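Asks: Right, I'll just put the structure down here and ask away after.
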Amino acid sequence: MRVVLYTGKGGVGKTSIAASHALRSAGQGLRTVILSTDSAHSLSDCFDLGLGNEPRLIAPNLWGQELNIYQEIDKRFYQERRWGEAADYLRELARWLGMEEVVAEEVMVLPGVEEVSNLLYIRNYTEGVYKGNYDVIVVDCAPTGETLRLLSLPETFRWWMEKVYPFFKRATLWSRPVLKSTSHLPLPGEAKRFTKLPLPSDEVFRVGEEIFEEFRRVASLLTDPRLTSVRLVLTPEKMVIDESRRTFTYLNLYGYLVDAIILNRLIPQEGSGEYFRRWRENQEVNVQKIGEYFSPLPILSSHLLPCEVVGKEMIEMLGREVFSELDPDQFFFQRKTQEIYKLDGYYTLSLTLPLVDRGNLSLKRDGEEIIAQVGCIRRNILLPAFLSSLEIENARLDGDRLDIKFKRRQK
Ligand SMILES: Nc1ncnc2c1ncn2[C@@H]1O[C@H](COP(=O)(O)OP(=O)(O)O)[C@@H](O)[C@H]1O
Ligand SMILES: [Mg+2]
């Protein structure tokens, strides 16, 4: 089985390229499913047919699915009653906070919850109801910012579950009898209100743990470099590049294997005329920079096609542009290009450099950027926020790895 995620800023071509991958994969005889986790579903528009909550056969060997969050919630919370008590608790808590009943229902579909729920759905293909049905899972993800937060959620969630949750659980065990025993006392307004705070039951905690376990499993699936890779789609425009660099840094930070950069909507030389000349020149400059920012990852690219990518014919045309003769299911790059680890209180940023032309190492620091040059190879790395305030202690080349060690934070 193979899982490929497509992410990038809104409008760059994630859906179209994910569709062209899926169609090609199915054409090679592999049972392929394409799932959209973006709440602004546009797979249906791209294939020009209706997709819904169940996988629908849209071409030989190809199934498409656009989840409906309300149907999923209904299934989990009410029909199966698996999480029923937790749903009741959330509603009770919302009421206590002074929310209307209808709003309480909406609380369960806060921004982001939909994409998380859709990501969790991937487990249905790997372990759940559709286990064994598909060889390739292509995921059309939500735009950069959102997907990123969601992808980092398992990590954040783990921290909460390990650090805060046991404390909360103990506090609840302790406060339940206390609150019960004090509730009959004459208390001033606020305190009285507090005693009515609905406390989660053991069942609610059990559901919390179950959800955490699902997160953990999906996270380990999506960060397994033998199974999953992420492709970052971008267009050669400054604002798109800036956002994509940030995404790239964080994808690396959270341990996802990015195996290719896909550069979309290049303006062709021929036929684009004087009007697009400056666009073309601007794109050429940006393409050069993209090489520096994302090397050694392979960069696949596509031109701006003569019309929108709607329907199978156009999707196939885009597929030929992007992948030409290549198999879209392969890993275009096998290793994580950047890793950050902490050893004895020091953070180290470890980079993969291609094995060519050893030379002197020079490092330049410019705020949150590091420019590393080894011989004629230049890498320009955007640091995650927590490293950008730390000084560099030293840097060392070891085979094809460059390790940059940061000083400890000054107390
Ligand atoms: N290479 C291309 N040439 C022409 N139109 C494209 C190309 N790539 C994407 N499009 C069109 O651009 C719009 C946005 O693409 P889409 O795949 O929906 O982006 P995203 O999923 O990243 O928001 C769609 O109308 C799509 O048909
Ligand atoms: Mg899309």
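Asks: Does region 60-76 contain at least one residue that is at pLDDT 75 or above, part of a strand (DSSP E or B), touching a Phe, Trp or Tyr at 6+ places or on another chain (Cβ under 7 Å) and surrounded by 22 or more Cβ atoms within 10 Å (Cβ to Cβ)?
Replies: Yes, region 60-76 has at least one match.
Asks: Give the number of residues within region 37-51 that are outside any helix (DSSP H, G or I), touching a strand residue (DSSP E or B) at 6+ places or on another chain (Cβ under 7 Å) and at pLDDT 90 or above.
Replies: Going through region 37-51 one residue at a time, the tally reaches 2.
Asks: Continuing with the same structure: Look through Ala40, Ala26, Ala59 and report the one residue that is within 14 Å of ligand 2 (Cβ to nearest atom) and small (Gly, Ala, Ser).
Replies: Checking each option against the conditions leaves just Ala40.
Each row is one residue, and each column tells you yes or no for (1) surrounded by 15 or more Cβ atoms within 10 Å (Cβ to Cβ); (2) assigned by TED's automatic domain parsing to the domain that holds Ser229.
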{"site": "Ser324", "(1), (2)": "no, yes"}
{"site": "Arg365", "(1), (2)": "no, no"}
{"site": "Leu382", "(1), (2)": "yes, no"}
{"site": "Ser389", "(1), (2)": "no, no"}
{"site": "Arg401", "(1), (2)": "no, no"}
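Asks: Say we look at region 25-40 and pick out the residues that are within 14 Å of Ile58 (Cβ to Cβ) and of a type outside the set (Gly, Ala, Ser); which of these is farthest from ligand 1 (Cβ to nearest atom)?
Replies: Across region 25-40, the extreme among qualifying residues is Arg31.
Asks: Mind checking which residues of region 249-288 are among the aromatic types (Phe, Trp, Tyr) and more than 28 Å from the chain's Cα centre (by Cα)?
Replies: Tyr275, Phe276, Trp279
Asks: Inspect all residues belonging to region 110-123 and state whether any of them is at pLDDT below 85, within 28 Å of Arg31 (Cβ to Cβ), within 16 Å of ligand 2 (Cβ to nearest atom) and outside any helix (DSSP H, G or I).
Replies: No: zero hits.
Asks: Next up: Of all residues in region 306-315 being surrounded by fewer than 16 Cβ atoms within 10 Å (Cβ to Cβ) and at pLDDT 95 or above, which is nearest to ligand 1 (Cβ to nearest atom)?
Replies: Only one residue tops the list, namely Glu308.
Asks: Which of the residues spanning region 42-78 are charged (D, E, K, R), within 20 Å of Val116 (Cβ to Cβ) and within 15 Å of ligand 1 (Cβ to nearest atom)?
Replies: Matches in region 42-78: Glu66 only.
Asks: Which members of region 278-303 meet the condition of being outside any helix (DSSP H, G or I) and within 16 Å of Asp259 (Cβ to Cβ)?
Replies: Residues satisfying the conditions are Ser295, Pro296, Leu297, Pro298, Ile299, Leu300, Ser301.
Asks: If the requirement is being farther than 23 Å from Thr247 by Cα, touching a strand residue (DSSP E or B) at 6+ places or on another chain (Cβ under 8 Å) and touching a residue at least 60 places away in the same chain (Cβ under 8 Å), which of these qualifies: Arg379, Arg408?
Replies: On inspection, the qualifying residue turns out to be Arg408.
Asks: Among Asp38, Asp48, which is the only one that is farther than 20 Å from Leu251 by Cα and charged (D, E, K, R)?
Replies: Checking each option against the conditions leaves just Asp48.
The values are calculated or read from the model by the stated rules, or taken from the named source; none is laboratory data. What you see is a predicted model, and the numbers here were worked out from it, not measured in a lab. So basically every Cβ, Gly included, is an ideal-geometry build from the backbone, and we count neighbours across all protein chains shown.
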